[in-house]
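Down below is the structure, laid out as structure tokens.
The values are calculated or read from the model by the stated rules, or taken from the named source; none is laboratory data. Computed from a predicted model, the values in this text were never measured in an experiment. Cβ coordinates were reconstructed from backbone atoms using ideal geometry, including for glycine residues, and neighbour counts include every protein chain displayed.
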Amino acid sequence: SYRLSFQIIKMSTDEPSGSGSTKHGVRYLQYSSAFSVGILQVSQYVNLVWGSPTLPRLLAPDSPIGKPLTYDEASWVMSIIYLGVVLGGLLLLLLLDRLGPKNILLIGAVLTIVSWIIVGFAKSVAILVVGRTIAGIGDGISIPCVNIYICEIASKDIRGRLGAIPALLGIIGNTFIFGAGPYIEYTTLILVCASFPIIFLVLFYFMPNSPYFLVKTGRRREAKRSLIKLLGESTDSVVEKELREVEETVKSETGGLSLIQLLLLPNFRKSLLIVFVAHNVINFCGVTFISQYLQVILASSGIHMSKELTSVVYGVVQLPAVVLAGIVMDKFGRKPVFCISSAGASITLILQGIYVYFQRIIDLKSVSFIPVVCLTLYKFFICFGILHLPYFFSGELFTTNTKKVGIFIVSTYSSVVVFGTIKLFGNNFDAWGLHNICWFFGSVCFLGVLFSLFILPETKGKSFAEIQNHLATKKGYSSPRENKNTTATNETTMM
């Protein structure tokens, strides 16, 4: 039952009310919804890491598809999912306003199930590529909607905590596939992977729809029923207050605009810039490259660990990082979390680079533990904030009418960059040297510190309307004329 799920994943029973916040009933359904979406997050992570335990089998003489893959064929099977993500992002752009985040998530799960069926029966490279492409489309259409849905159903005082639940479950699934995947038979592993979206469909079908989407599509009565369920509160005055806030937010937003017209909106440009920079930090912080080349990096540092042991250690490190981040975000805010995460990742990467550089000159066997410590702490700090917050910002900073365009731009760009980063740094690993690569990634993480200190707005405890007002009135963000108009609007509202 969802009560049991709530007890398992609940991070704190004390929910801060904050100044001026509405007192709510017991919000079991918000946690249950986040937990259900977390099951899909597991499926999404599994889609992306399935190749790690599977690739050696596909390359072997007794390949499960009947013949071994060549390295070129294997690269297509492993990388084509990112092309699918781009196609899924395009579908999201076309369908989000029509279907809403809940239905999009359900569609993403169905596409993922179809992809596993195709992969399971594949007996040729072409069919494998088709299955992996569909998996990418499922991820591309649903990954952005995870945080959109969470942000739109969550009360503002627990939004950060709820956002951490899918990330936590996703990491558990990631760790499972990396650690147990090599020991599970090929077909059985596919069945295990396919079970996650099936479980999600069963659980999530009964979860409430986004009140913002329902109001936007003119279904006020349904939106009110959804809020009653989500708030655990049937008092009409409390529910009406929340509903009016949703209506005011939706009413104040502009829809039906072209991309050029959207780019002329100051708040959209600011939101896009902030989310874009945050995604650049995650794209160039080295997490994808280091994960793909972890064994090579450890070997270059003079360390030899089994792939399974390394994966389990890294997975265990991620779990407390995400749990801690979920608690800290709602207590101290997003800015400190992103700042600490960036600073920690920067320091550990720079130290790793220093170790690799001096290893070529002097004997460092007596301190050979340093690379393991640095990379383990690096993974902790990355998972504490950088790895998940950029997606969370997409759900908080974009308005309901601009999310589809903003997220499509960012996700398409990120998919291309991630693919290019793996190819570029992988092909030049020896030429550039591991120490220079670590220092480059560490420098980007340091820029993330500056970004969090001077650009990133704080969204803790703010409604969507308050976040947009903050973007419009923050010093240096808008013109004097815009500030004057905003001030006049605020004065009128107060009267």
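Things to note:
- Candidates are the residues of segment 137-160 that are farther than 12 Å from residue 396 by Cα and among the acidic types (Asp, Glu); the one that is farthest from the chain's Cα centre (by Cα) is 157.
- Looking only at residues of segment 356-366 that are in contact (Cβ under 8 Å) with a residue 12 or more places away in the chain and either buried (at least 16 other Cβ atoms within 10 Å of the Cβ) or hydrophobic (A, V, I, L, M, F, W, C) (or both), we find that the one that is nearest to residue 438 (Cα to Cα) is 356.
- Filter result for residue 47 (surrounded by fewer than 18 Cβ atoms within 10 Å (Cβ to Cβ) and within 30 Å of residue 226 (Cβ to Cβ)): no
- If you check 170, 163 for being more than 17 Å from residue 393 (Cα to Cα), within 19 Å of the chain's Cα centre (by Cα) and either modelled with pLDDT under 90 or not in a helix (DSSP H, G or I) (or both), only one passes: 170.
- Exclusive hit being modelled with pLDDT under 85 and on the phi < 0 side of the Ramachandran plot, set 32, 75, 36: 75
- Within segment 438-466, being at pLDDT below 90 and either part of a helix (DSSP H, G or I) or small (Gly, Ala, Ser) (or both) holds for 461, 463, 464, 465, 466.
- Among the candidates 281, 287, residue that is buried (at least 16 other Cβ atoms within 10 Å of the Cβ), at pLDDT 70 or above and either more than 16 Å from residue 424 (Cα to Cα) or not assigned by TED's automatic domain parsing to the domain that holds residue 345 (or both): 281
- Of all residues in segment 256-284, exactly one satisfies the criterion of being of a type in the set (Val, Ile, Thr) and farther than 29 Å from residue 382 by Cβ, namely 260.
- Yes/no for residue 123 being crowded, with 17+ Cβ neighbours inside 10 Å and among the charged types (D, E, K, R): no
- Residue that is surrounded by the most Cβ atoms within 10 Å (Cβ to Cβ) [pool: residues in segment 128-157 that are farther than 21 Å from residue 403 by Cα and touching a residue at least 40 places away in the same chain (Cβ under 8 Å)]: 135
- Within segment 144-160, the set of residues being among the basic types (Lys, Arg) and in a loop (DSSP other than H, G, I, E, B) comprises just one member, 156.
- Residue-level check: of (1) surrounded by 17 or more Cβ atoms within 10 Å (Cβ to Cβ); (2) free of Cβ contacts under 8 Å to residues at least 24 places away in the same chain; (3) not in a helix (DSSP H, G or I); (4) not basic (Lys, Arg), residue 74 misses just (3).
- Segment 168-195 residues that are surrounded by 20 or more Cβ atoms within 10 Å (Cβ to Cβ), paired with ones that are assigned to a loop (DSSP other than H, G, I, E, B) and not acidic (Asp, Glu) (beta carbon under 7 Å, 6 or more apart): 177/50; 193/50
- Test: residue in segment 104-121 that is more than 20 Å from residue 197 (Cβ to Cβ), assigned to a helix (DSSP H, G or I), in contact with a helix residue (DSSP H, G or I) (Cβ under 7 Å, 6 or more places away or on another chain) and not assigned by TED's automatic domain parsing to the domain that holds residue 405: no
- On the stretch given as segment 209-253, residues that are more than 27 Å from the chain's Cα centre (by Cα) and closer than 15 Å to residue 102 by Cβ total 3.
- Among all positions in segment 372-390, there is no residue which is more than 24 Å from residue 335 (Cα to Cα), crowded, with 18+ Cβ neighbours inside 10 Å, modelled with pLDDT under 90 and out of contact with any strand residue (DSSP E or B) (no Cβ under 6 Å at 6 or more places or on another chain).
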